[in-house]
Amino acid sequence: MKFFFSIVVMLTALLSFSQHDGWHISATDSSNYTGIVVANGRIGILPSKHIFKTEQIILNNVYDKESPLGVSRILSGLNFQDIQIEIDGELVSDENISNWKQTLNMKEASFTTSFSFKNKAQVSYTIYALRNVPYTGYLDISVKALKDISIQATASIVTPKEYHNPMSTFRVLRDLETTMPILQTVAQSRQKRHTVAASGTFIWHDINSTREHQRPELHHKKIDDHNHQLSFNKSLKKGSALDFAWTAAQTTTQDFNDPQSESERFVIFNLLTPREDLLNQHKALWRDLWQGDIIVEGDLQSQQDIRLALYHLYAFGRGDNNLSIAPMGLSSQNYNGHIFWDTELWMYPPLLLLNQDIARSLVNYRSDRLDKAKEKAVNFGYKGAMFPWESDDTGEEATPAWALTGTFEHHITADVAIAFWNYYRVTRDKKWLEQRGYPMLKEVADYWVSRVHKNDDGSYSIKNVVGANEFAPNVDDNAFTNGAAITALQYASLAAKALNRSGNNMWDEVASKIKIYQFQDGTTMEHSTYDGDIIKQADVNLLTFPLNIVTDKATVLKDLKYYEPKLAKEGPAMGKSVFAVIYARLGDADNAFRLFKESYEPNKRPPFGALSETATGHYPYFATGAGGMLQTVLFGFGGLHLTDNGIEQKNAILPKQWKSLTIKGVGKEKNTYVIK
């Protein structure tokens, strides 16, 4: 086996879709359908199998209470992309079309639907969540006439019923000879925490759409308070085409003092920017993202699966907003759009290797909420900083009060610190370490010193926690919680040394004496009273990867063989990823590849291969599972390690099913690794 320093990429798809290459996934059968989102880190647009329809639009970091006595929930925004077309007076619908096809282009982050309408027209449209204008969407439409036809195109802004006091307007804004027709709705979110504004307009590519006398006449119609429309009519000769777009923006008081005006400005920007320039900027930003890529030769299915996972992590994050990624990203409201350990332990490590800009946003999201974490520690009788199990825009605990995880799943605080030190390991950014990294690591270490209980023998215990295995609530000395606390304390000391600070002697003292229980045969116990129960997900095995605490090969193998059969069949997707990484690092490519596939294949949903959290779930897209399977490739097969010397490659291994594996754009130096 040879290891080279250079790279390329490819990946993802499944079931009843056609496979073309490593960048495109196409569907021609909509009978068993789970959609794939297009997103830009600010908004997520979920297309529908129904032509010209959009299932929902998710607004990142915009929350309102789910009910008067509930917790926060991410907003499903105003649907600014509901389109319909009539040809010769007949509504074009699912029932009267043929040759329906949808294609996700991962390289350019676009989603195209095409079909034929009788013998009269061929229609296609492409959805973009513009990376360059991140509060906007762009729907590019083409109608090619097979005979002389008349067309009526209608765009709507549909306000979900949970919104209050929608104000729906159509205005033609003017500046000298430039006219800008704007369809707009402004409404209040479900508990009236936010004002939400959506604006949209048509763009005709073949005419000057800003000159009123040159464009088709527009007609405004109000269906009801929650739905109003803008339409135009156009005649087409046989062989000609109508190419036009609908662009829309959505803004809220979470990010703007005057979202009503801002949503108009974004639409006007898109209206007055030439189509090629606007879309080329979007595509160029995605080209930059794909500098970090993974390429599998010899296994197209694995290539598509891997790339689809990476596409989603890129689509759900940005390097310029200091926001994090929820378990379902911007594809659904599941888990209320809250931020969990899923980010730091599962999604963040692949991004840290392949895109430090997005990784920096993820850690800065926590840093921006450090003061709230310090308040929480004080409120529960501790020192330092104590992070919420579920986090929203406020930084306060967002878990429902009835869920024990919110009160007792404390390893999240150590998970955050681990992510912070790993960011410094990769970037060597001392200014960031001084301003954001060390202040966080210090407060987390102080928390664990105050959180532990000193035993009579001088050891330390962490009592009454929910561990990574949430099937075992309120236990003492959970293996992963204790291991993560040890690691966070050690990293705080390393950060202090890197900055020539004195640190706290108790950090090393406590870290060296926190208890990890074992059975008589040396197998690591999941907690102090664990007796072999089924577990929700890997817990003990996280001490081997990523914590590197259990390193003795005999113990590592005992832990693997003991806990794999204990995993619940309906557990979350990422559990088996841990086992896969460890087997790969032990040199066992067969077991590693088996578990790699088992970690996500049962969770794939047709027609595009969207991942659900479990084998029976249907919510797209489980970004946590994507992070897990990518870690198998990067840290397992790729042999990459995060060390105090940066990113190092050790003992990479290639599954026999693959001809080669290339990982490119790794770290600050954008290194490439080729495994053959």
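The values are calculated or read from the model by the stated rules, or taken from the named source; none is laboratory data. Predicted model only: the values in this text are computed from it and were never measured. With ideal geometry, Cβ positions are generated from the backbone for all residues, glycine too; neighbour counts draw on all protein chains shown.
For every residue, the table says whether it meets (1) over 27 Å from Ile45 (Cβ atoms); (2) among the aliphatic types (A, V, I, L, M).
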{"site": "Ser331", "(1), (2)": "no, no"}
{"site": "Gly337", "(1), (2)": "no, no"}
{"site": "Ile358", "(1), (2)": "no, yes"}
{"site": "Tyr382", "(1), (2)": "yes, no"}
Give all pairs with beta carbons closer than 7 Å in which a residue from the stretch 181-199 that is within 17 Å of Asp224 (Cα to Cα) and assigned by TED's automatic domain parsing to the domain that holds Asp225 meets a residue that is in a strand (DSSP E or B) and among the aromatic types (Phe, Trp, Tyr); count only pairs at least 6 apart in sequence or on separate chains.
Leu183/Phe170; Ala198/Phe80
Given (1) free of Cβ contacts under 8 Å to residues at least 12 places away in the same chain; (2) assigned to a helix (DSSP H, G or I); (3) of a type outside the set (A, V, I, L, M, F, W, C), identify the lone condition not met by Gln260.
(1)
May I ask you to verify whether Leu547 is part of a helix (DSSP H, G or I) and closer than 24 Å to Pro565 by Cβ?
no
Report the residue count in the stretch 54-87 for those that are more than 29 Å from Trp402 (Cα to Cα) and surrounded by fewer than 24 Cβ atoms within 10 Å (Cβ to Cβ).
9
Could you list, ordered by first residue, the pairs with Cβ atoms under 8 Å in which the first is in the stretch 554-566 and β-branched (Val, Ile, Thr) and the second is not in a helix (DSSP H, G or I), at least 6 apart or interchain?
Thr555/Gly522; Thr555/Thr523; Thr555/Thr524; Val556/Thr544; Val556/Val550; Val556/Leu586
List pairs: first in the stretch 30-52 and farther than 20 Å from Arg131 by Cβ and free of Cβ contacts under 8 Å to residues at least 40 places away in the same chain, second aromatic (Phe, Trp, Tyr) and surrounded by fewer than 24 Cβ atoms within 10 Å (Cβ to Cβ), Cβ under 9 Å, 6+ apart or cross-chain?
Ser48/Tyr33
How many residues are under 30 Å from Gly89 (Cα atoms) and buried (at least 18 other Cβ atoms within 10 Å of the Cβ) if we restrict to the stretch 171-198?
7
So which pairs qualify, if the first residue must be in the stretch 72-99 and within 29 Å of Ile149 (Cα to Cα), the second must be of a type in the set (Phe, Trp, Tyr) and surrounded by fewer than 22 Cβ atoms within 10 Å (Cβ to Cβ), the Cβ gap must be under 6 Å, and the two must be at least 6 apart or on different chains?
Ile97/Phe115; Asn99/Phe115
Could you tell me whether Lys454 is closer than 21 Å to Ile549 by Cβ and either touching a His at 6+ places or on another chain (Cβ under 8 Å) or not small (Gly, Ala, Ser) (or both)?
yes
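State whether one or more residues within the stretch 240-253 are of a type outside the set (D, E, K, R), at pLDDT below 95 and within 19 Å of Phe80 (Cβ to Cβ). Don't jump to the end; show me each part of the working.
Within the stretch 240-253, the subset of a type outside the set (D, E, K, R) is 240-242, 244-253.
Of the ones still in play, those that are also at pLDDT below 95 are none.
Among the residues of the stretch 240-253, not one is of a type outside the set (D, E, K, R), at pLDDT below 95 and within 19 Å of Phe80 (Cβ to Cβ), which makes the answer no.
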If we ask which residues in the stretch 364-392 are farther than 30 Å from Asn671 by Cα, surrounded by 18 or more Cβ atoms within 10 Å (Cβ to Cβ) and not basic (Lys, Arg), their number turns out to be 13
Looking at the stretch 268-299 only, could you name the residues that are in a helix (DSSP H, G or I) and either β-branched (Val, Ile, Thr) or at pLDDT below 95 (or both)?
Ile268
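Looking at this structure, is Ala589 at pLDDT below 95, among the aliphatic types (A, V, I, L, M) and more than 19 Å from Leu310 (Cβ to Cβ)?
Spelling it out, it is not the case that Ala589 is at pLDDT below 95, among the aliphatic types (A, V, I, L, M) and more than 19 Å from Leu310 (Cβ to Cβ).
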Taking the conditions exactly as written (polar (S, T, N, Q) and within 25 Å of Glu86 (Cβ to Cβ)), does Asn233 satisfy them or not?
yes
Anything in the stretch 369-392 that is charged (D, E, K, R) and over 23 Å from Gln333 (Cα atoms)? List them, or say none.
Asp371, Lys372, Lys374, Glu375, Lys376, Lys383
Verdict on Thr616 being in contact with a strand residue (DSSP E or B) (Cβ under 9 Å, 6 or more places away or on another chain) and β-branched (Val, Ile, Thr):
no
Conditions: (1) surrounded by fewer than 19 Cβ atoms within 10 Å (Cβ to Cβ); (2) under 30 Å from Asn61 (Cβ atoms); (3) among the charged types (D, E, K, R). Glu90 meets all but one. Number of the miss?
(2)
Of the residues Lys431, Lys513, which single one is within 23 Å of Asp357 (Cα to Cα) and more than 27 Å from the chain's Cα centre (by Cα)?
Lys431
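Rundown of residues vs (1) touching a residue at least 60 places away in the same chain (Cβ under 8 Å); (2) surrounded by fewer than 21 Cβ atoms within 10 Å (Cβ to Cβ); (3) out of contact with any helix residue (DSSP H, G or I) (no Cβ under 7 Å at 6 or more places or on another chain), yes/no style:
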| site | (1), (2), (3) |
| --- | --- |
| Leu285 | yes, yes, yes |
| Leu300 | yes, yes, yes |
| His312 | yes, no, no |
| Glu344 | yes, no, no |
| Leu362 | no, no, no |
